[in-house]
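Colleague: Right, I'll just put the structure down here and ask away after.
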Amino acid sequence: DSGVTQTPKHLITATGQRVTLRCSPRSGDLSVYWYQQSLDQGLQFLIQYYNGEERAKGNILERFSAQQFPDLHSELNLSSLELGDSALYFCASSLFLAGETGELFFGEGSRLTVL
Amino acid sequence: GESVGLHLPTLSVQEGDNSIINCAYSNSASDYFIWYKQESGKGPQFIIDIRSNMDKRQGQRVTVLLNKTVKHLSLQIAATQPGDSAVYFCAENFGSEKLVFGKGTKLTVNP
């Protein structure tokens, strides 16, 4: 158990809909990262927050947004969903920034299926 | 550009053999490299890391080698066990706030 909690574990929805994925980082971790993993794909970095502030953006679509709240949990919002958004979405946390330590602690992911 | 890739998508070894998983990176400015293991149905798990001022780093049954000349990274697993079966990702960081992951190599350990 990494200590990172993601909800929901599975989500099935229709195209055009909007979903919110939630992440609770390990106790004390200030950094939260979101990654997308599609079938046969690696982990695509989406966005990172550190202590409530956005620190880095990757290939995150404009239809997607995220935030980190004062209690350090984070939410990833996916809107106007398309079939191609079906993927595993991972949240990871770390105490420090990625350049200081690459030891991210990953949750077990939220599997999104868009029909 | 961001490019971390794997030489082989799959690797099959016999239990007890040593495994070598390779990774090529394209950004010569990358200064920090990490290997992750992802078991089926789970999130990736940190294995070992190495900074660019080192050529080799050893952990428990694992060794990471870094060849900056050819921009190549490898993970060696000694005495591979069935529990080592997983997808292995290399990741790089080049002074930014994010890790860039490669596509992964699936390691299968045959009994």
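The values are calculated or read from the model by the stated rules, or taken from the named source; none is laboratory data. Not measured: the values here are computed from a predicted model. For neighbour counting, all protein chains shown are included, and Cβ atoms are generated from backbone atoms with ideal geometry for every residue, glycine included. To get the accessible areas, we keep the full protein, side chains included, count just its heavy atoms, and leave off ligands, DNA and RNA. Shrake-Rupley method; radii C 1.70, N 1.55, O 1.52, S 1.80 Å.
Colleague: For chain A, the longest stretch holding no trypsin sites (Lys or Arg not before Pro) located in a DSSP loop with at most 15 other Cβ atoms within 10 Å is which?
Modeller: By the stated rule (loop sites, at most 15 other Cβ atoms within 10 Å), A:64-115.
Colleague: Could you compute Rg(Cα) / (2.2 N^0.38 Å) for chain A, with N its residue count?
Modeller: Rounded to two decimals, the normalised Rg is 0.99.
Colleague: Nearest 0.05, what FRET efficiency do B:Met54 and B:Ala78 give at R0 = 22 Å with Cβ-Cβ as r?
Modeller: Efficiency computed from Cβ-Cβ geometry: 0.70.
Colleague: Kirkwood hydrodynamic radius (Cα pairs, Å) of the range B:1-88?
Modeller: Evaluated on the range B:1-88, it is 13.6 Å.
Colleague: Return the average number of partner chain Cβ atoms within 10 angstrom of each residue Cβ along peptide B:31-43.
Modeller: For peptide B:31-43, the averaged partner shielding equals 4.
Colleague: Next up: Taking the radius of gyration and the Kirkwood hydrodynamic radius from Cα positions alone, what is the Rg/Rh ratio for the protein assembly as shown, to two decimal places?
Modeller: 0.97
Colleague: Something else about it: What three numbers, in Å, describe the spread of the alpha carbons of the range A:24-79 along their principal axes, ordered from the longest?
Modeller: 33, 21, 17
Colleague: OK, next. Averaged per residue, what accessible area in Å² does chain A show with a 1.4 Å probe, protein chains only?
Modeller: 47
Colleague: If you count the DSSP beta bridges with both ends in the protein assembly as shown, what percent of them are antiparallel, to the nearest 5?
Modeller: Of all bridge pairs located within the protein assembly as shown, approximately 90 percent are antiparallel.
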